[in-house]
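Trainee: Pasting in a structure now, in structure tokens, and then I'll have a few things to ask.
The values are calculated or read from the model by the stated rules, or taken from the named source; none is laboratory data. Here the structure is a predicted model, which means the values were calculated and not measured. In this analysis, Cβ positions are derived from the backbone assuming ideal geometry, glycine residues included, and neighbour counts consider all displayed protein chains. Keep in mind that these areas ignore ligands, DNA and RNA; they rest on the heavy atoms of the full protein, side chains included. Shrake-Rupley method; radii C 1.70, N 1.55, O 1.52, S 1.80 Å.
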Amino acid sequence: MYESKLRGILRKVKNENPETRYEALGQLFQLKSEEGMDIQMDVLKDMIKTAASPFPERVDNWDNPSYYLIDFVCDFPQPEVIDGLIKNFDGFDIQAKERAIEILLLTEDEEVFYFLEEKIIGLMQTEDFLIPYRELTSYPMLIKGILDTTLEKLDSKNYKFAIYDMLLSLNTAGVEQGYRKEVVLPILLKDYQAEKLEYLKFNQDYTTKYVYTAWKDSYLIVRSRMRLFLHLMEFYFSTEIAQELQEALDFLDPFLKTEAILVCISKNLPYEKGTLLQCAEDIETAEMVYWELKDKNLEHLYPIKEAKQPHLAKTRLFSTIINLPEEEDGVIRYPEDIEIVDKVDTENAYGQPLRYYLLKFSEHNVVYAGWAGGYALEDGDDTANLWDGSYTDFVEFTSANIEGHKQQFLQKRAEEIEEYENSVFYESSPRLSRGAWFFLALLITHWARELFTGFNNGTILISVLFTVIGGGFCLYEVAKNKKRKIMIIGKQLVKTDGTKQNSIGMSQIKKVSYDKKHVLVYNLKNELAFKFPKKWVRYELFYLYMKEHTGHLNNSPFIQS
């Protein structure tokens, strides 16, 4: 069913009429939103080849079939798709190349990385390539290979900040701290001083409320660049940099002040303890100060020694609200007068103790209720670790008493847990065997030949009998496969084979591995819980879902890649 629709789309996206192409891309978008699709590999290969072929001249931004075709096939990261992306890469539109790079990075394959290094370096010789620096952060050696050839682009307006981001990733990974300092330091100092002039236009009038209600992007871009430069100063340090850091300690923006003080601490430069306390108490940076010090094994310097949780809960709710998607009606979200009202101790889906704080805050002269947490209690009563479930439904605080708000919260959590435990996040069944596909191919060829040569009484009965018997076997296999499933339901991995069912909790899995024929699931005692044929799943996709649903566990299992 899907295959015929996709082949129709492939014909339409090459049509000279823009309306026909628009209709085809709309159909492709609708198909992409459907879940559980299983597309034949030859169709995916044809989509890749089509994406690499010439198209009619574009008439608008939407008119980019190459990108949308590649975006579709990237949802099926099977080895054949990866090979097709590599072989046809040069023919793709540049946006399609950017999308292909994202999925190729996930292979974490050394040979693929050599390919990507070459292609990214080549694309950086143009002026309209968007470097996927966020996706590259996990691969510092690949970053180094790219920078070894392209560092001169640090003076390029188009690539400057992406290269600075890659330099930060390379240095923080510890691969080569102070990488090419003789080249980077003078450019960094020059760029910082130029950006500082832009920041100083805001500094005198700085207030947190202005940032999120009036200045917005015009300021946040400047702040982001300033933070990047200050963070890099930990690795590109000099006497002049030390002077800039001392000046930054007096900036009114708490993020810039915090970045500067963290570098001062790492470089044993003087700073006022009162300045660190200001940053730790500020609604914008309280969490940042704590976690940055903890990551550097300097938690003892955190100036707030008691009641960290309720203090950090205010910052958590504040950041949750200001990062909500913008309202269509233009309402600006900015919470003020945030106060802790009460708390609820409960458990997560794995039975681990959590604490949520009930808060109230005002916005546009209305007082609302909000929740921050849940803070993990396994390591103590005042730890900052949390499974983030902070939110507000913008329910007026006066709509219920404190107990009423707590009951509403507990009811909402119970409903969410029930919905989660019954949600099917992944489902896969075995496809038709090669023998069945071979028979169908023979059947189609046979009937085509009979139609071409003309039927006779001697062969038509044999053909019908051949079709009924073979078709019956195919239908039997289809019916049987429908009862064979591998599913992730809530926090359970489930295998169904007819009337038999095996399941294991995600937290009870120690290891998932595979051999040539089977996927094997082991429990915490390292005993085989169950196994299933490898052909029941597209293992690359199964692997991604298993990583996603176990990565948050305290003792996440080994999932063979």
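Trainee: Here are some residues: Ser218, Ser169. Which one is open to solvent by less than 20 Å² (accessible area, probe 1.4 Å), assigned to a helix (DSSP H, G or I), among the hydroxyl-bearing types (Ser, Thr, Tyr) and under 30 Å from Pro325 (Cα atoms)?
Mentor: The unique qualifying residue is Ser169.
Trainee: Continuing with this model, one more query. Given Tyr219, Tyr206, Tyr179, which one is under 31 Å from the mean Cα position of the chain (by Cα), under 25 Å from Pro335 (Cβ atoms) and of a type in the set (Ser, Thr, Tyr)?
Mentor: Testing whether each residue is under 31 Å from the mean Cα position of the chain (by Cα), under 25 Å from Pro335 (Cβ atoms) and of a type in the set (Ser, Thr, Tyr) leaves just Tyr219.
Rundown of residues vs (1) over 24 Å from Ile322 (Cα atoms); (2) in contact with a Phe, Trp or Tyr (Cβ under 9 Å, 6 or more places away or on another chain), yes/no style:
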position	(1), (2)
Gln204	no, no
Tyr212	no, yes
Arg227	no, yes
Glu240	yes, no
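Trainee: Same structure, new question: So the check is Cβ under 6 Å with 6+ separation or different chains; which pairs have a first residue in segment 495-517 that's free of Cβ contacts under 8 Å to residues at least 24 places away in the same chain and a second one that's open to solvent by less than 40 Å² (accessible area, probe 1.4 Å) and in a strand (DSSP E or B)?
Mentor: Ser503/Val494; Gln508/Asn523
Trainee: Shifting gears a bit: When you go through (1) crowded, with 19+ Cβ neighbours inside 10 Å; (2) assigned to a helix (DSSP H, G or I) one by one for Phe251, which number turns out not to apply?
Mentor: So Phe251 meets the others, but not (2).
Trainee: Which numbered condition in (1) surrounded by 11 or more Cβ atoms within 10 Å (Cβ to Cβ); (2) out of contact with any His (no Cβ under 9 Å at 6 or more places or on another chain); (3) closer than 21 Å to Lys491 by Cβ is the only one that Trp387 fails?
Mentor: (2)
Trainee: Considering segment 173-220 alone, what residues qualify as being of a type in the set (Ser, Thr, Tyr) and either touching a Ser or Thr at 6+ places or on another chain (Cβ under 8 Å) or in contact (Cβ under 8 Å) with a residue 60 or more places away in the chain (or both)?
Mentor: Answer for segment 173-220, where residues must be of a type in the set (Ser, Thr, Tyr) and either touching a Ser or Thr at 6+ places or on another chain (Cβ under 8 Å) or in contact (Cβ under 8 Å) with a residue 60 or more places away in the chain (or both): Thr208, Tyr212, Thr213.
Trainee: Do we find that Lys49 is of a type outside the set (A, V, I, L, M) and within 26 Å of the chain's Cα centre (by Cα) in this structure?
Mentor: Judged against the criteria, Lys49 is not a match.
Trainee: Of the residues Thr550, Thr499, only one is of a type in the set (Val, Ile, Thr) and more than 27 Å from the chain's Cα centre (by Cα); which?
Mentor: Only one candidate passes the filter, namely Thr499.
Trainee: When segment 334-371 is examined, which residues are found to be under 23 Å from Tyr212 (Cβ atoms) and open to solvent by 50 Å² or more (accessible area, probe 1.4 Å)?
Mentor: Scanning segment 334-371 gives Glu336, Asp337, Glu339, Ile340, Lys360, His364, Asn365, Val367.
Trainee: Quick check on this structure: which one of Thr126, Thr137, Thr149 is over 22 Å from Leu230 (Cα atoms) and surrounded by 14 or more Cβ atoms within 10 Å (Cβ to Cβ)?
Mentor: When all the criteria are applied, what remains is Thr149.
Trainee: List, please: which pairs have Cβ atoms under 6 Å, are six or more places apart or on different chains, and start with a residue in segment 127-152 that is within 16 Å of Thr107 (Cα to Cα) and end with one that is modelled with pLDDT under 90 and in a loop (DSSP other than H, G, I, E, B)?
Mentor: Pro140/Val175
Trainee: Can you pull out every residue in segment 286-300 that is surrounded by 14 or more Cβ atoms within 10 Å (Cβ to Cβ), in contact with a Ser or Thr (Cβ under 9 Å, 6 or more places away or on another chain) and either over 18 Å from Tyr375 (Cα atoms) or free of Cβ contacts under 8 Å to residues at least 60 places away in the same chain (or both)?
Mentor: Hits for segment 286-300 are Ala286, Met288, Val289, Glu292.
Trainee: Turning to a different aspect of this structure: Please specify each residue of segment 1-41 satisfying the condition of being among the acidic types (Asp, Glu) and at pLDDT 90 or above.
Mentor: Those that are among the acidic types (Asp, Glu) and at pLDDT 90 or above: Glu16, Glu19, Glu23.
Trainee: Now for a separate question. Can you pull out the residues in segment 9-40 that are open to solvent by less than 70 Å² (accessible area, probe 1.4 Å) and in contact (Cβ under 8 Å) with a residue 40 or more places away in the chain?
Mentor: Answer for segment 9-40, where residues must be open to solvent by less than 70 Å² (accessible area, probe 1.4 Å) and in contact (Cβ under 8 Å) with a residue 40 or more places away in the chain: Leu10, Val13, Asn15, Pro18, Arg21, Ala24, Leu25, Leu28, Leu31, Lys32, Asp38.
Trainee: Counting just the residues of segment 263-316 that are part of a helix (DSSP H, G or I) and acidic (Asp, Glu), which one comes out farthest from Arg223 (Cα to Cα)?
Mentor: For segment 263-316, the residue satisfying everything is Glu299.
Trainee: Out of the residues in segment 301-333 that are over 23 Å from the mean Cα position of the chain (by Cα) and among the β-branched types (Val, Ile, Thr), which is surrounded by the fewest Cβ atoms within 10 Å (Cβ to Cβ)?
Mentor: For segment 301-333, the residue satisfying everything is Val331.
Trainee: Among the candidates Glu152, Glu135, Glu176, single out the residue that is of a type in the set (Asp, Glu) and touching an Asp or Glu at 6+ places or on another chain (Cβ under 9 Å).
Mentor: None of the others qualify; the one that does is Glu135.
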